[in-house]
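Here the structure comes first, spelled out in structure tokens, and everything after it is commentary.
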Amino acid sequence: QGQLQESGGGLVQPGGSLRLACTASGRTLSRYTVGWFRQAPGKEREFVAAISWSGAVTEYTDSVQGRFTISRDNENAVSLQMNSLKPDDTAVYYCGEGRVRFSTTINDFGSWGQGTQVTVSS
């Protein structure tokens, strides 16, 4: 399976919104979980949100609960809607395909893309 592609990042003021997209070019996403992770400078990559194949199950890290929404757009794409952004959300955001039915553990994911930079600053 090829790598995924992330897009939609950018510079936004605190309180603003961005919508990130994760796509699988020319193929369908794995019939398992898809997750978003982020990595800030000097920190390890951390879990942000995950969604099951059906879309019926989602999970978020506590710091983004109520502000971020993960969704499946179609067989090839998953989105992350980010509202009420804070400076602490600044990071490179990556999406990954799960190798299990549902997980939030980074070691259960692969096919990482190059990531998309999100910067929240006034």
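Taking every alpha-carbon pair under 8 Å whose residues sit at least 6 apart, region 3-117 reaches a relative contact order of 36 percent.
If you add up the charges near GLN114, with Lys and Arg at +1 and Asp and Glu at -1, over every other residue whose beta carbon is less than 14 angstrom from its beta carbon, what do you get? Counting the neighbours of GLN114, the net charge comes to +1.
Close amide H pairs (under 5 Å, H built 1.01 Å from N) link THR90 with VAL120, residues at least 5 positions away or on another chain. For GluC sites (Glu not before Pro), the sites in region 5-102 that DSSP calls loop and that have at most 12 other Cβ atoms within 10 Å are GLU44, GLU75. Neighbours of PRO14 by Cβ distance under 15 Å: Lys/Arg scored +1, Asp/Glu scored -1, total 0. Expressed as a whole percent, the accessible area of region 28-110 that falls on carbon and sulfur atoms is 43 (1.4 Å probe).
Largest to smallest in accessible area, the residues SER54, SER30 fall in the order SER54, SER30 (1.4 Å probe, all protein chains included). Rounded, prolate or oblate: which fits region 52-110, taking a ≥ b ≥ c as square roots of the Cα gyration tensor eigenvalues, rounded meaning a/c under 1.5, else prolate when a/b beats b/c? Cα axes put region 52-110 in the prolate bin.
Prolate is the label for region 79-118, because the ratio a/c of its alpha-carbon gyration tensor axes (a ≥ b ≥ c) is 1.5 or higher and a/b is greater than b/c. Counted residue by residue at 0.36 nm each, then reduced by the alpha carbon distance between them, the extension gain from SER54 to ILE106 reaches 16.7 nm. Between LYS43 and THR28, the modelled label-to-label distance comes to 3.6 nm, taking each label 7 Å out from Cα in the direction of the beta carbon. Using 0.36 nm per residue and subtracting the Cα-Cα separation, the extra length available between GLN114 and GLN3 on full extension is 39.1 nm. Taken per residue, the accessible surface of the chain reaches 51 Å², heavy atoms only and a 1.4 Å probe.
The values are calculated or read from the model by the stated rules, or taken from the named source; none is laboratory data. Computed from a prediction, not measured in an experiment: that's the story for all the values here. All Cβ positions, glycine included, derive from the backbone under ideal geometry; neighbour counts span all protein chains shown. Note: areas computed on protein heavy atoms with side chains; ligands, DNA, RNA excluded. Shrake-Rupley method; radii C 1.70, N 1.55, O 1.52, S 1.80 Å.
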